[in-house]
Amino acid sequence: MKAERKEEKMMINDRVLYRNLEHQQLFDDMAWLMGRADSGQMEEGDRDRLYGLVNGLAELAGSHGFRGNIWHSYLAYELANHENAFSTACEVKGRVEGSINTLACHDFRIFKRMFDYPLEKIDQACHTEVMSVITDYACVNEDSKVFNKRIRDRIQELSVHLSRAEAPEEYLNIVTAFYKDCGVGKLGLHKAFRVKGKGPDAQIEPITNIEHIYLKDLIGYERQKAKLTENTEAFVEGRRANNCLLYGDSGTGKSSSIKALMNEYYDRGLRMIEIYKHQLEELPYIIAQIKDRNYKFILLMDDLSFEDFEIEYKYLKAIIEGGLEKRPDNVLIYATSNRRHLIREKFSDKRERQDDLHGNDTVQEKLSLVARFGIQIYYGAPEKKEFQEIVQRLADRYQIDMPKEQLLAEANAWELSHGGLSGRTAIQFITHLSGRKG
C-alpha cells in the first residue's frame, strides 16, 4: 500500500512545465487525498486536510466567481494562469512546433488524471459529503473580484472542455486554443495594469475594475479618433507605429480615447500599463518584463507635464529615443497633457536666456521631449452647438425624458457654473439629471 501511495505522489509531482502553481497547496492536498482513498488507509488528520481543501476551493470560487464543479474550475484556472515556456510561446500566436509539445503532453496526462478522478471516493473514505458539494457548487456571487466576467466565463468553458477530453493530446489542442484567444497569466487574463514597487522590485499588477468605454461612445472628435486608431491599428498588426501625444483642453476626451483603445483591441493582444510621473525611473525594469511577450503594450502616461525644476522627463526621453537600448517593438508610449510642450515655460525664461551663452540650447532641451512623440493630436473644447449635440446624444443614450428646449436650457446653465464647454461637463450634467429625483 505504501509503495502504491508513493507511486501516486511521484506521478503527481512529476510535472515538467506546470510546476509551482499559484495555489499549489490545493493541488497537493487533493493528490494526497486521492492516494489515501485509493489505498484505503485514511488517517485521523486526513479529514482535517479534506476540510481545508474544500475551504480553499470555496474561497477561490468566491473571489473568482467559479460555479459548478469548482475543482475542475480550479484546475482550468491553474492551466490558464501558469506562465511557462509552452504557454508563453502559444499566447496570441497559437500552436507552436517542437519538443515543447511533448513536455506539455506529459504534464497534461497528470492534469487529466486529476480531472477524471471520482471525488466521491474521497467522501466514502472519509465518511463525509463535502466532495459532492464542490462538484455542483452554487456561488453566492458570480461576479469575479479578480478578472472580468468574459475571462471568468472562458475559464469555466475551458474546465468543461477539458473534463470531456478523452486523451491528453486533446488537452494540447484545447489549452493551445485558449492561450491563443485569451493569453496566459496576468498579462493574458487582464487588460490594464499599474506599476507597484521601485527599482528592481517594480512589478506590474492588474487593474480589475476598469471602465468599459469604446470609441463609438465618444461623441465628436472623429478626425482625432481616426488618426489615433490608424496608428494603433498599425501597432497591433506588427507594422511600424509612433508614440502619441494627445494634448489640448481639459475634459475633451483625451484619456477616454486612449482607454477605449484598450477595449477595442484587447482581443488582438493589446494591453495597457498606467505609469505616473514619479514612476518614470522604473520604466527600464517594467519594459524588461514585457519586451519578450507576444502582446502589444501601450504605456499610458495620463495628464503628463513637468515643472521646469523637475528632471524626471530625462528618463522618459532616454526610453523613447536616445538611450543605448532600443525600445522594444511591442511597446509604445501614449501620453495626454493639457500642455503641448509638456515642460512648463515662463516669460521669465526669456529674460534668463539673455544671460545664457547658449540660450537656444535651453529652448531645445525643453522642446526635445515633445519632439519624440511622432504623432501629436489636438483636442479642443467644443463650440456651443457641438456641446449641445453632445448633451442631446448623451440624453438619448441614457434615456433622459425631457423636452429638448428644457434640456438645452438646463445644460447651458450647468456649464456656466461647472467648468465650461467640454465633453466632461456634458457627462456630469447628464449624470446629474439621471440621479435627480423625479
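The values are calculated or read from the model by the stated rules, or taken from the named source; none is laboratory data. Values in this document were obtained by computation on a predicted structure and should not be read as measured data. Positions of Cβ are generated from backbone atoms using ideal geometry, with glycine treated the same way; all protein chains shown enter the neighbour counts. Accessible surface is based on the protein model in full, side chains and every heavy atom, while ligands, DNA and RNA are left aside. Shrake-Rupley method; radii C 1.70, N 1.55, O 1.52, S 1.80 Å.
Only residues that are basic (Lys, Arg) and within 30 Å of residue 327 (Cβ to Cβ): list them for the range 369-425, please. Matches in the range 369-425: 372 only. Could you check, for the range 216-229, whether at least one of its residues is in contact (Cβ under 8 Å) with a residue 12 or more places away in the chain and acidic (Asp, Glu)? Taking every residue of the range 216-229 in turn, at least one turns out to be in contact (Cβ under 8 Å) with a residue 12 or more places away in the chain and acidic (Asp, Glu).
Pairs linking a residue in the range 162-179 that is in contact (Cβ under 8 Å) with a residue 12 or more places away in the chain to a residue that is surrounded by 15 or more Cβ atoms within 10 Å (Cβ to Cβ) and hydroxyl-bearing (Ser, Thr, Tyr), with Cβ atoms under 7 Å and 6 or more positions apart or on different chains, are 162/171; 165/171; 179/87. Within the range 109-117, none of the residues are more than 30 Å from the chain's Cα centre (by Cα), part of a loop (DSSP other than H, G, I, E, B), of a type in the set (D, E, K, R) and modelled with pLDDT under 95.
One line per residue, one yes/no per condition, for (1) in contact (Cβ under 8 Å) with a residue 60 or more places away in the chain; (2) open to solvent by less than 40 Å² (accessible area, probe 1.4 Å); (3) touching a helix residue (DSSP H, G or I) at 6+ places or on another chain (Cβ under 9 Å):
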site	(1), (2), (3)
33	yes, yes, yes
39	no, yes, yes
42	yes, no, yes
66	yes, yes, yes
75	yes, yes, yes
79	yes, yes, yes
86	yes, yes, yes
98	no, no, yes
102	no, no, no
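Within the range 151-167, not a single residue is among the small types (Gly, Ala, Ser), at positive phi and assigned to a helix (DSSP H, G or I).
Apart from one condition, residue 231 fits all of (1) closer than 16 Å to residue 205 by Cα; (2) buried (at least 18 other Cβ atoms within 10 Å of the Cβ); (3) among the polar types (S, T, N, Q); the exception is (1). Here residue 407 qualifies as modelled with pLDDT of 85 or more and either among the acidic types (Asp, Glu) or farther than 18 Å from residue 247 by Cβ (or both).
Taken as a whole, the condition of being open to solvent by 50 Å² or more (accessible area, probe 1.4 Å) and touching a helix residue (DSSP H, G or I) at 6+ places or on another chain (Cβ under 9 Å) does not apply to residue 156. Take residue 65 and tell me if it is within 25 Å of the chain's Cα centre (by Cα) and at positive phi. Yes, satisfied. Against the numbered list (1) open to solvent by 60 Å² or more (accessible area, probe 1.4 Å); (2) within 22 Å of the chain's Cα centre (by Cα), residue 222 comes up short only at (2). Tell me which residues, restricted to the range 160-189, are among the small types (Gly, Ala, Ser) and surrounded by 15 or more Cβ atoms within 10 Å (Cβ to Cβ). Selection gives 163, 165, 177, 183, 185, 188. For the range 292-305, the condition of being in contact (Cβ under 8 Å) with a residue 40 or more places away in the chain, surrounded by fewer than 22 Cβ atoms within 10 Å (Cβ to Cβ) and touching a Gly at 6+ places or on another chain (Cβ under 7 Å) holds for at least one residue. Only one of the numbered conditions (1) assigned to a helix (DSSP H, G or I); (2) open to solvent by 40 Å² or more (accessible area, probe 1.4 Å); (3) modelled with pLDDT of 90 or more is violated by residue 365, and that is (3).
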